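S.K.: The structure's right below; bear with me while I get my questions together.
Computed from the coordinates by the stated procedures, all read-outs in this text should not be read as laboratory data. Just so it is clear, the structure is predicted and the values come from calculations on it, not from any experiment. Cβ: placed from backbone, ideal geometry, glycine included. Neighbour counts: every protein chain shown.
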Amino acid sequence: MNLFKRFLNPKSDNIQDSSDKEERGKYMPEVKLPTDERFMLNFKNNGGKFIYCEDENEVLEAFDNILLENDWYEKDCCCFDENLKSKFGNFNLHFNYSENAAFYLSTCEYLIGNDGSILICSNQIKERKLIELPNSFVILSSTSQLIDNIGEGLRGIKFKNKNNIPSNITTIKNFEPQKESDFMSYGSSSKDLYLLLLEDL
């Protein structure tokens with residue numbers, strides 16, 4: 001993916017970006033970035049921490065590093081997903097449903113490119129509000145879950161769950177404490193969030 005090349009070599013992109021702007025002219029419409037690039041830029045601006053993983057071994061290694069960084073070994077982990085409990089069962093974690101756990105471990109429905117948010121629903125958080133979950137999140141997702149906007153995500157949820165559409169659909173967007181003057185984030189709960197993004201395309 002060219003997104004990851006851009007993050008690894010930002011200087012060459014700056015040179016290319018400036019030459020592209022000169023060729024296009026100032027009245028030409030803005031070039032729309034690919035969905036993956038938009039998501040990563042917006043996600044990073046929202047304060048999220050992103051780890052790209054090429055395979056399952058890298059996912060386990062990155063998860064191990066997150067536990068070490070935060071001293072979460074042998075701590076409580078809030079998790080509702082039995083598949084994740086078995087996948088990460090060898091890390092000496094105590095899985096429960098408590099909001100007082102050290103962190104919350106989950107998957108998500110979609111990653112929204114337009115605003116860098118993460119779309120979840122009752123499949124992930126049951127009937128809990130975000131404020132009723134731990135302050136730190138570790139979300140496991142894949143590159144096939146990247147979409148442009150929330151409308152696509154809602155259609156995708158409806159399509160995947162034709163017989164029983166999930167409730168409690170929401171997005172996580174704020175990944176760091178907001179200033180009191182930021183009225184746009186009123187009522188939302190900011191979360192310290194790690195995203196493990198697995199390449200599956």
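S.K.: Quick one: which residues, 5+ away or cross-chain, put their amide H under 5 Å from the amide H of Leu193? H built at 1.01 Å from N.
M.R.: Lys49, Phe137
S.K.: Another question, then. Just list whichever of Lys32/Lys173; Lys126/Lys162; Lys85/Lys173 have alpha carbons separated by over 23 Å in the model shown.
M.R.: Distance filter (> 23 Å) returns Lys85/Lys173.
S.K.: Using the basic label-point model (7 angstrom from Cα toward the beta carbon), what is the Lys158 to Lys75 distance in nanometres?
M.R.: Computed distance between label sites Lys158 and Lys75 equals 4.0 nm.
S.K.: Let me know the whole percent of all Cα-Cα pairs from segment 60-201 that are separated by more than 19 Å.
M.R.: Percentage above 19 Å: 53.
S.K.: Where nothing but the Cβ of Lys and Arg (+1) and of Asp and Glu (-1) is charged, how large is the charge dipole of segment 96-178 around its Cα centre, in debye to the nearest 20?
M.R.: Approximately 320 debye in magnitude.
S.K.: To continue, here is another question. Dividing the alpha-carbon radius of gyration of segment 40-92 by 2.2 N^0.38 Å (N being the number of residues), what value is obtained? It would help to have the intermediate numbers written out before the result.
M.R.: Values: Rg = 12.7 Å, N = 53, 2.2 N^0.38 = 9.9 Å.
The value comes to 1.28.
S.K.: Quick check: convex hull of the Cα atoms in segment 67-148, volume per residue, rounded to a whole Å³? Walk me through the numbers on the way to the answer.
M.R.: Values: hull volume 8.8 nm³, N = 82.
Considering the Cα atoms of segment 67-148, their hull volume per residue is 107 Å³.
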